[in-house]
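Beneath this line is the structure, given in structure tokens, with notes to follow.
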Amino acid sequence: MSSIKRMLLLAKTITRTTDFGISFGRKKKDLNKKGTNIVGIIILGLVFLYFAGIILFISVKFFDFLKLFGMQSAMLGYSASLFSFIIFFFGIFYIISVFYFTSDIEHLLSLPFNAWEIIGGKFLSVIIYEYITTSLVLIPFFVYGFLNGEGILFYLYSIVIMLLLPIIPLALTAVIIMPIMRFVKFARNKDLFNMISGVLVMAIALSFNFYFQSMFTNETDLGNVVNAGGEKLVQITSAIFPGTVFAGQSLASASNINGLIYIVLLFLACVIAFSLVLLLANFLYLKAATAVSSSNASHKKLNKMNLAKNFVSTPSFFTYMKKDILILIRTPIFFMNNVLLNFIWPIVIFIAMYRITQSQEQGNIQLLIKSINFSDFDSLGKIFFIIFAVSIFIGGMNGITSSALSREGNCFNIMKFIPMSYFKQIIAKISVGFMFSFICIIIGLGVVCYFTQPPIWIIVLSIIICIPALIFTNLCGIIFELFWPKLHWDNEQKAVKQNLNVVLGMFLPIGLAIPIVIFGFLVPMNFYLSYFLLLAVGCILDVIVIVILKTIVPMRMRNIVY
Amino acid sequence: MITIKNVNKSYDKKVKAVDNANLEIRQGEIFGFLGPNGAGKTTTIKLLTGILIPDSGEITINGVDISKEPLKAKRQFGYVPDDPNVFLRLKGIEYLKFMADIYGVEPSIRVEQVEKLAKALEMDTALNDKIQSYSHGMRQKIVLMGALLHNPAVWILDEPMTGLDPKSAFALKEMMREQTNSGKTVFFSTHVLEVAEKICDRLAIINKGKILFCGTLSEMKEQMKENSSLEKMFLELVEEN
């Protein structure tokens, strides 16, 4: 079998066995789960259509805008450049995951494949999955083609360009990544990569949200900014991905021979880029791929002093809490889904409040914020209802308590044989959830106080009223876990993302928070009555749930079997 | 000392995993628990350790009934499960500290205990690394260290030799013998009949939830037709059943 054929065979096999995070469409062993597959595919399809709809809308508007200046063909270059940039960005995560962090590498190395054949196969499999994204580039192309009255050749060229477009950006990604993975030791740590990439993606998403919201106030502004930004993007991407110029030029000249010439040039550029990747792989890939680990061992011997420092006696309750916290922070999936969320919310609130205070259109809300009279005790009472309701909401959002038992997985039996009462262990788990929710509330309150500048006593009272609310939601979260823990999983995502208890833990607080706010606004009450009613109700609810837990915890824990 | 009296356990009220089991494991003995796959060994051990609750019967550890005084009974033993993949994100030293705090190990003896166990099992240079970076055998060893840190009166080990290199397996056997010489009890399950033959004072054989035999090797030889080796006697017993 020739090398090319072997590479294609490998690409086909890898594509079929790697899910790139999209596991819904795959056949499951359990026939009863077929229903889930169809639902998953429908959801994915709807999400795709949603994004396609947005791109279609923007493309049409942008074409109309550019046509006013006779510059509609610029849209082709802008689209090619933007998609190249998106492919490059997401390609970083795909390339690292598929090239280095899949478990198939050791198996592949024992088969008669050269390094460049393995890389070639993996590279092609990444391109195939990138087509899910790149297929969306056809939308601006086809919009242009339809509105500009282009012929059949234009559409054929668009499809060819869509197939060739990912190659150069991905090749550049691979050329950058391979030396880093070969020579930078910590880059090969899977856990660290997953954590950093998760944080980076969220940071970029929030930054884009902040940037674009602060830029646009109307359609003309949007058009001007996108046009100016598009020009700059084309300049940058032309320098970085030479092929993108050929893509835009080919489509703009589809009606004459130049269109074909540019397609050929794009093809040649892709071949050169791909060959460069294969050449580099021969020297850099194998050693790095086999050195990847989830955790690097230091093999450092601890001396007596270090041992003594590590073995200071701590009450078992706090040791148990610490164990849960360390596992939450160190497991990338748990960190991103349960811990990071507590810090995202305050940032979202900051962005929203900053936008409100800066935007001319939000004048009414600005006035509302500025008009809060902290001496008006009757209105103040309503604000505490809002704070209480928000605390109930925040308490359930991080899913820490409503996945507390599920996250144990195969370690659940340890809970059962250690000499620590089940109730104490459960309270320790609830305390961890409360702790992170409380941090989120404090940061969020800090953000709100920065904009509203309330007196200190209001801040103190706000913190006090949050506590019973947070405790309540976390106590309720554990009840779901005691009845329906999801202990059997082979992937941490299943414990926190595909866990109905986490969803229930989020929606129950929403269901409670809304009536509380409505009650607070509809029923006339002075400040003292509002505040102390909330405090009393919160504390009473907490006590009731704790009494219930004291009864059901031993019984439920005895019956849960891993 | 461990006593199991008329213990029954079934899953879904259909399959009887443990069928009217009666065992007495005396102080100062190494007791081997043998049986084919799915015989009920791990279920019995889980009943002993409080992970599972028997449908009926009584289990006591050093005279403490595990269903009536579970916390007191759990302090009597150190348990090593068959799956050593526990708390992979913790460092070895963090796992040991966790166990030391949970079992209330005296601060004055912690360092000495850890050093002694780490040296015996050759884990000195691994304690500062995450358990995730350990091989299977090393994970087995760290779980063993965690179970023995509080110097329990009873050791309950579920297939403890799996994954251990010959040197560590030898060290464990020596430790087991040392423990029983000082009056403590060791109860372990194994597939490796040679190990049971060499070190066990008494053994029991279980199949399909029923205890087929309990006694010394000599007693077994007297009862069996094929008595040239434990392997032959084991196979005869299991096939008869």
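Every read-out reported here was derived from the displayed coordinates using simple, explicitly stated rules and does not represent laboratory data. Remember, it's a predicted structure, so these values are computed and weren't measured experimentally. Counting neighbours? That spans all protein chains shown, and the Cβs are built from the backbone with ideal geometry, glycine included.
Per-residue Cβ neighbour counts within 10 Å put B:Tyr11, B:Tyr79 in the sequence B:Tyr11, B:Tyr79, beginning with the fewest. Counted over all Cα-Cα pairs of the stretch B:1-79, pairs farther apart than 16 Å make up 48 percent.
Where Rh is the Kirkwood radius over the Cα pairs of the stretch B:88-152, the temperature 37 °C and the viscosity 0.692 mPa s, what D in µm²/s does Stokes-Einstein return? D, rounded to a whole number, is 285 µm²/s. Going by neighbour counts of Cβ atoms within 10 Å, the residues B:Thr42, A:Thr401 line up, fewest first, as B:Thr42, A:Thr401. From least to most packed, judged by other beta carbons within 10 angstrom and beginning with the fewest, A:Phe507, A:Phe412, B:Phe33, A:Phe83 follow the order A:Phe507, A:Phe412, A:Phe83, B:Phe33.
Classified by the C-alpha gyration tensor, the stretch A:316-559 has a prolate form. Its axis ratio a/c, with a ≥ b ≥ c, is 1.5 or above, and a/b is larger than b/c. Per residue, the convex hull spanned by the Cα atoms of the stretch B:1-154 amounts to 130 cubic angstrom.
With q set to 0.12, 0.26, 0.27, 0.30 Å⁻¹, the log10 of I(q)/I(0) for the stretch A:434-489, from the Debye formula over equal scatterers at the Cα positions, is -0.41, -1.02, -1.06, -1.16.
Take the alpha-carbon centre of the stretch B:75-105, take the same for the stretch A:132-186, and report the distance between them in whole Å. Centre-to-centre distance over Cα atoms comes out at 52 Å. Scaled against the 2.2 N^0.38 Å expected of a compact globular protein of N residues, the Cα radius of gyration of the stretch B:138-196 reads 1.05. The length gained by stretching the chain between A:Leu326 and A:Leu206 to full extension, at 0.36 nm per residue less their Cα-Cα distance, is 40.5 nm. Over all pairs of different C-alpha atoms in the stretch A:88-191, the reciprocal of the mean inverse distance, the Kirkwood hydrodynamic radius, equals 15.6 Å.
Using every pair of alpha-carbon atoms in the stretch A:516-562, split the distances into 5 Å bins beginning at 0 and state the percent of pairs per bin, rounded to integers. Going from the shortest bin to the longest, the percentages are 5, 18, 16, 15, 11, 10, 9, 8, 6, 3, 1.
In order along the stretch B:2-10, the Karplus-derived 3J(HN,Hα) couplings, from 6.51 cos²θ - 1.76 cosθ + 1.60 at θ = phi - 60°, round to 10, 10, 10, 10, 6, 8, 10, 8, 10 Hz, and Gly and Pro are given as x. Remark: the B:Asp12-B:Thr216 segment gains 70.0 nm on full extension, using 0.36 nm per residue and subtracting the alpha carbon distance. Going down the table (B:Lys14/B:Lys68; B:Lys74/B:Lys208; A:Lys190/A:Lys301; B:Lys97/B:Lys208; A:Lys550/B:Lys141), which pairs top 30 Å between alpha carbons? Over 30 Å Cα-Cα: B:Lys97/B:Lys208; A:Lys550/B:Lys141. With all pairs of different C-alpha atoms in the average, the Kirkwood value for the hydrodynamic radius of the protein assembly as shown is 31.2 Å.
The label-point distance for A:Asn491 and B:Glu58, in a model that sets each label 7 Å from Cα toward Cβ, rounds to 5.0 nm. For the stretch A:299-313, backbone phi angles converted through the Karplus equation (6.51, -1.76, 1.60; θ = phi - 60°) give residue-by-residue couplings of 6, 8, 7, 8, 7, 4, 5, 5, 4, 4, 5, 6, 10, 5, 5 Hz, Gly and Pro being listed as x. Here the gap between A:His107 and A:Leu279, fully extended at 0.36 nm per residue and compared with their Cα-Cα distance, gives a gain of 59.7 nm. Put a plus charge on the Cβ of each Lys and Arg, a minus charge on the Cβ of each Asp and Glu, and nothing anywhere else: the dipole of the protein assembly as shown about its Cα centre is then about 520 debye.
For the stretch A:36-154, the equivalent ellipsoid derived from the Cα gyration tensor has semi-axes of 36, 18, 12 Å, listed largest first.
With bins 5 Å wide beginning at 0, the percent of Cα pairs of the stretch A:456-525 falling in each bin runs 3, 14, 16, 18, 17, 12, 9, 6, 4, 1, 0. Only DSSP H runs of four or more residues enter the estimate; each adds -39500 (n - 2.57), and after division by the residues of the protein assembly as shown the mean residue ellipticity at 222 nm equals -21500 deg cm²/dmol. Quarter the surface of the alpha carbon convex hull of the stretch A:278-347 and you get the mean projected area, 9.3 square nanometres.
Summarising the amide proton neighbourhood of B:Asn207: residues at separation of 5 or more, or on other chains, whose placed amide H is nearer than 5 Å comprise B:Leu212. Extending 7 Å from Cα along the Cβ direction at A:Arg355 and again at B:Ser182 yields two label points whose distance is 6.7 nm.
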